[in-house]
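First comes the structure, then the notes that go with it.
A short reminder: the numbers here are calculations on the coordinates, not readings from a lab. Every value quoted in this text rests on a predicted model; they were computed, and no experiment measured them. As a convention, Cβ positions derive from the backbone with ideal geometry for all residues, glycine included, and neighbour counts pool all protein chains shown.
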Amino acid sequence: MRLTTGLARFVVLVGVFFFQITSQAANLIENGGFEGGYFPWEPPGWWAGGNGSYGVDGQGRFCTTITAVGSANWGAQLRQQGISFAEGETYDVSLKAWSSVPVNIEMSATDESSGFVWIFGTRLDINAPLSGSPQEINLSFTAGANTEVGIFRFLLGGGDVPLNETVCFDDIAVEAPAVNLLTNSTFDEGVLLPPGEIGFYEGSAGSAGVDAEGRYCIIADDPGPNPWSLQYRENDITYINGRTYEFSADVWSSTPVSMEISGVDENGGFTWIFGSNFNVDAPLGGPPQRLSAFFTAAADTETGKFRFLMGNGHVPAGTTVCLDNLALLDPQGSEEPELPPPPPVHVNQLGYLPFASKRATYALPEGVPDADLPRSWILMLGDAVITSGTTLPHGTDIDSASGDRVHIVDFSSVTTEGDGYTLVVNEAEQSFTSEPFAIGADIYSQLKYDALAYFYHNRSGTPILAEVVGETWARPAGHLSDSAVETLACLDGTEGCVTLDAGGGWYDAGDHGKYVVNG
């Protein structure tokens, strides 16, 4: 719903979460340049009587030669699976192509996990000799459906590539649009959705809500004593140090104001990420003032905030500020930041049983002197020191398994159960802290349930239900067509062709292979 009581007063509305598919990374294609081979591309499958040869040539191109055209263009295809597309989003496709003769082939994206769903595609005319310059292709498509298991493919069979002719590809990219990191962008739901929130702190007072125009409006009855006393913000945003984000918003104000718009991390202290002040002078009843800027993050965080500060010094008492069409675009989508190296103090990642031996490994930083001398260590539980000691050098040579010089830490004498232990090893002026771990008699009690759960999660041919495994791991039934699988003899056209029911069973791994021994 939307409030229709004008701008006199608003109530604070509490929304509910909603599911929205967003684009994934800037280039959704892995190894589009075929560096060191073609994985994770699938080499052309030969169906419907198609056949041929393939591989990465001396120029780093993936090339396919057709030796049997088959009866359908999908009978020979180069493809990559497991790609996410969002309905209505625009994707830019680029590639280089060559062919031994002019060809017209289909390039498309589909979802074939349970039936056939068309995402986008077109036919390509390729006419660049194999020994010459490439034909550079650049196209844009709007996805026609949502999927997390999409296939991007080139169909080469059915005579689209003539008998004994060759096509080559290189530098393939499918670029997704930049992702808006802000959940509350247009307020079309009529409510403020988590993780957005309006904050009245330190005695500030006012009200907020979505008005009849679909804007989120804040009335500052009392802006409070500090700039952050009154703020609109979204929480739990991931910022990546050095990455540049594009900000834009439509803003109105009943009187001229100057607001700070910034990204910060207040988890365990205060870290400035980026920000700037913006002057706003757009009357509530008129067109908006469009704010825009590029911000470069100054730190990494997964608990960042994006905020509009309207407290003392920014918005006078009695002012109404309205926001709409908010965007904080991440040009690289939800691509995960490069993880920092693990701490050199290696402990059992689950924990230790109270009366079992408890040993940890300290990998000395490369190049430190006196590698054969013990280092001091401290075992902590929260802020309390539990015990201390010195490391035991594990020989003077480099460990053959890890390539490190290692010391052993033995704290087997500690039997007190607890969660949140850390082990600190001192190295000259530095100290290194392990990941937190537990000591407890029940730390392995979940193991038997997790082991048995594998047999449900990895089932083929049956839906994996959210009420059993949660939304993250739920999925529709996969590979229903396995109930009628032709043997290799059928594909080769030799004797002994039969059709087998290979439905059900369990997947071996993420490539969805199913093997008798593993099953």
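Observations
- Computed E for Asn138/Ser400 - FRET, C-beta separation, R0 51 angstrom, nearest 0.05: 0.50
- Once the C-beta distance of Ala293 and Ala212 is scaled by a Förster radius of 51 Å, the resulting FRET efficiency is 0.95 to the nearest 0.05.
- Pairwise FRET efficiency - Leu392 versus Glu35, Cβ, R0 = 45 Å, nearest 0.05: 0.55
- Euclidean distance of C-alpha centroids, region 484-519 and region 49-91, integer Å: 21
- Reported label for calculated percent of Cα pairs over 36 Å apart given [x] 34; [y] 45; [z] 56: [z]
- Cross-link reach is defined here as a Cα-Cα straight distance under 25 Å, omitting same-chain residues fewer than 8 places apart; for Lys358 the lysines meeting it are Lys448.
- Zone of Glu246's modelled label, taken as backbone nitrogen in region 285-302 under 20 Å from a point 7 Å along Cα→Cβ: 289-298
- Shape category assigned to region 13-169 from the gyration tensor of Cα positions, a/c cut at 1.5: prolate
- Region 201-289 shape via C-alpha gyration tensor axes, a/c threshold 1.5: oblate
- Distance from the Cα centroid of region 441-466 to that of region 264-297 is 45 Å (rounded to whole angstrom).
- Charge context of Asp324, other residues only, Cβ under 12 angstrom, K/R +1, D/E -1: -2
- The mean sequence distance of close C-alpha pairs (under 8 Å, at least 6 residues apart), as a share of the length of the chain, puts its relative contact order at 12 percent.
- Simple Cβ-charge dipole of region 300-429, Lys/Arg +1 and Asp/Glu -1, about Cα centre, in debye nearest 20: 460
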